[in-house]
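Following: one structure in structure tokens, then a few remarks.
The values are calculated or read from the model by the stated rules, or taken from the named source; none is laboratory data. Predicted, not measured: the structure shown is a model, and the values here were computed from it. A quick note on method: Cβ atoms are made from the backbone with ideal geometry, for glycine too, and the neighbour counts reach across all protein chains shown. These accessible areas exclude ligands, DNA and RNA; they are computed on the full protein's heavy atoms, side chains included. Shrake-Rupley method; radii C 1.70, N 1.55, O 1.52, S 1.80 Å.
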Amino acid sequence: MPRLMASWCCILILYFLFPLIFPKIITNLASAAPTQLTNIYPFPCSDHIKMCSAFLYQHNGLPEQNITNFYSVNASAIKPISYNDRQDYLVNVPCTCKDVNGTVGYFYDTSYKLQPEDTFANVSNDIYSGQAWKVGGEEKSYRAEDVVTMHLLCGCVDDEPQTVVTYTVQEHDTLSSIGDLLSSQVSDIQNLNPYLTSPQFVDVGWLLYVPMYKNGVPPPPSTAGEKHKAHKWAVLIGILSAVTVLSMCTVIVFILRRNRLQRRSKEDPAAISKSFSTKKTMSLQKQYMYRDNTEDMPVFESERPVIYSLEEIAEATSDFDDSRIIGAGGYGSVYYGTIGKQEVAIKKMRSNKSKEFMAELKVLCKIHHINVVELLGYASGDDHLYLVYEYVPNGSLNEHLHQPMQKGHKPLSWTTRTQIAVDTARGIEYIHDHTKARYVHRDIKTSNILLDEAMRAKVADFGLAKLVGRTNEDEFLATRLVGTPGYLPPESVKELQITTKTDVFAFGVVLAELITGKRALIRENGDPNKMKSLISIIHEIFQNEDPETTLESFIDENLKGCYPMEDIYKMTEIADWCLSENAINRPEMREVVVALSQIRTSSTEWEASLGGDSVVFSGVFNGR
């Protein structure tokens, strides 16, 4: 009887709640079946967004390895997404405003090697989910084994919380179901796709631009219309009704169970005692099992740094012998040393600036990443603070990039530069997004990027780092201007604002240095009183009618013409993106990592196509 009563209670609750909480399901089931439309439209370019990070929805059921090859992306750019019982993918790509045979819009270009019997239609539909733009004349020009450029449609929006997903409508889709799948709203989808005349009518094969909220769809505003208020009241009444029914059912079930137990206790008191004892034991077991599980859960707290004695520091540096000095800066000198069998770099600083020194100490002791110089420990006393870092043997990027031959270094090859760019971007991305708290470096520059024995880059010198909480107000005002001239964004100079986008801007200057070989600030015509920034040069390149030709005149002569022009141009576009005057238009570092990784892959393939030329494959030029 109690079970039957509980079943009826559940049915009553569903009766009250289902039509109120799930109206979208009912609407979707009632939508009409669409008809085929073959037209697709490029997303129009915005005047102030040249490039952004976007997603392409891949639904062809291809293996991940094939997707990375066909889209020219790394595996990290592919995000699985569930569609009913099938696994589809979101492919993260850099989306650029460009002119494709007279059509201006946002595109992502990739290469495809034609197979026998391939046509544009089957390549677009079967490989790229129907998202390729047809230039014209493909039927006559497609020949097996040829490598063709596929222009994939993408989009960019001004709204920072949103990223555009290029989506091809599938069978049984409605705008509502697409919005639920991609964390979007029907009204937002309609706004981006003006040719949609009815929210209940979409057809298989239509291409839609879906604005996906990065952190989930926001709740509706409190100033909604009367219809929304009425729906809220209906939901509230329904819930109260369900609670009332549930309470009544609970009372009835309790009374029935009590009567049954009373009858059983008269028949067999020992049995009922055993039943309660068993339940109590199980409850305790669950309680302790939960407690054990919570105690075993990993907590993201890095180990504390080692505290060294002053004697160990003095012994490691031969009593701070001048011959051990390997660097100097505004905070003190850096000495080479050995502690045990480990090579270290020891930064000696006056302790009267302990606030900034302790900021560096607290940040670095929590940061452990292959592309970030690691703090091993510290010592204090004698009016000094000594920070012990891992030793990075090849010095700074600044030494290898600017007049390297005069400093005893060979010029860096193009592929080495792309790897340094990716390594540095990953290091900055780590401190922005993957630490327990969010940090801003505030002084990204080539002299703070160190190179190890394999010429892999590590981000160094967090003496200026400031903690930024993970909140919507992701910025703060500095008490004074901090950083290096030539790397500072407008908002830092004018308003002393500091955000993660401050580091993004400075990294854009680093990319410009890798491309041009020039310093952040250049003397015009050798005149020490007239300085020109590398920032203005990058902006000038894209203001020119022929940016590619203009760019060629600024490429580092130390590369000796040995580079893939297409990849250099793409990296310059990323630099320009990072150097956007408005911080909102700059990318996040995770987006930069994706874009640069694709350039790194493309450059490696270009290098391999040269057949092992030692000038390129050495990583540095041999001067030939």
Notebook entry, point to check: Quick one: is D567 acidic (D, E), out of contact with any Gly (no Cβ under 7 Å at 6 or more places or on another chain) and at pLDDT 90 or above?
Noted result: yes
Note to self: Need the failing condition index for N394 against (1) in contact with a His (Cβ under 9 Å, 6 or more places away or on another chain); (2) part of a strand (DSSP E or B), just the number.
What the structure shows: (2)
Next item on the list: Sort out which residues of segment 321-355 are modelled with pLDDT of 90 or more and part of a loop (DSSP other than H, G, I, E, B), and write them in order of number.
Entry: D321
Item checked: Subset of segment 436-459 that is aliphatic (A, V, I, L, M) and either open to solvent by less than 10 Å² (accessible area, probe 1.4 Å) or more than 23 Å from L534 (Cβ to Cβ) (or both) - its residue that is modelled with the lowest pLDDT -> A437
Notebook entry, point to check: Could you say whether any residue in segment 79-95 is among the small types (G, A, S) and in contact (Cβ under 8 Å) with a residue 12 or more places away in the chain?
Noted result: no
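Return the residues of segment 502-560 that are hydroxyl-bearing (S, T, Y), within 30 Å of Y439 (Cβ to Cβ) and surrounded by 14 or more Cβ atoms within 10 Å (Cβ to Cβ); say none if nothing qualifies. Write out each step before concluding.
Taking segment 502-560 first, the residues hydroxyl-bearing (S, T, Y) are 502, 516, 533, 536, 549-550, 553.
Next, from what is left, pick out any that are within 30 Å of Y439 (Cβ to Cβ): 502, 516, 533, 536.
Hits for segment 502-560 are T502, T516, S533.
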Note to self: Let me spell it out: the conditions are (1) at pLDDT below 90; (2) assigned to a helix (DSSP H, G or I); (3) open to solvent by less than 70 Å² (accessible area, probe 1.4 Å), and L37 meets all of them except one. Which number is the exception?
What the structure shows: (2)
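Which of the residues that make up segment 484-541 are part of a strand (DSSP E or B) and more than 24 Å from the chain's Cα centre (by Cα)?
Filtering segment 484-541 for residues part of a strand (DSSP E or B) gives 497-498, 521-523, 531-533.
If the condition is that a residue be part of a strand (DSSP E or B) and more than 24 Å from the chain's Cα centre (by Cα), then L521, I522, R523, M531, K532, S533 are the ones that fit.
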Note to self: Six or more apart or on different chains, Cβ atoms under 8 Å: show the pairs whose first residue is in segment 125-154 and of a type in the set (K, R) and whose second is assigned to a loop (DSSP other than H, G, I, E, B) and open to solvent by less than 60 Å² (accessible area, probe 1.4 Å).
What the structure shows: R143/L114
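Just name the residue that is modelled with the lowest pLDDT out of those in segment 367-379 that are surrounded by fewer than 19 Cβ atoms within 10 Å (Cβ to Cβ) and not β-branched (V, I, T).
Quick first cut of segment 367-379, residues surrounded by fewer than 19 Cβ atoms within 10 Å (Cβ to Cβ) only: 368-370, 374.
When the remaining residues are screened for being not β-branched (V, I, T), the result is 368-369, 374.
Numbers: H368: 83, H369: 89, E374: 88.
Looking at residues that are surrounded by fewer than 19 Cβ atoms within 10 Å (Cβ to Cβ) and not β-branched (V, I, T), I get H368.
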Next item on the list: Evaluate segment 542-559: report whether one residue or more is acidic (D, E), modelled with pLDDT of 95 or more and not in a helix (DSSP H, G or I).
Entry: yes
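Test I537 against the stated conditions and say whether it is free of Cβ contacts under 8 Å to residues at least 60 places away in the same chain and under 15 Å from R442 (Cα atoms).
Numbers: free of Cβ contacts under 8 Å to residues at least 60 places away in the same chain: yes; under 15 Å from R442 (Cα atoms): no.
No; evaluated as a whole, the condition is false for this residue.
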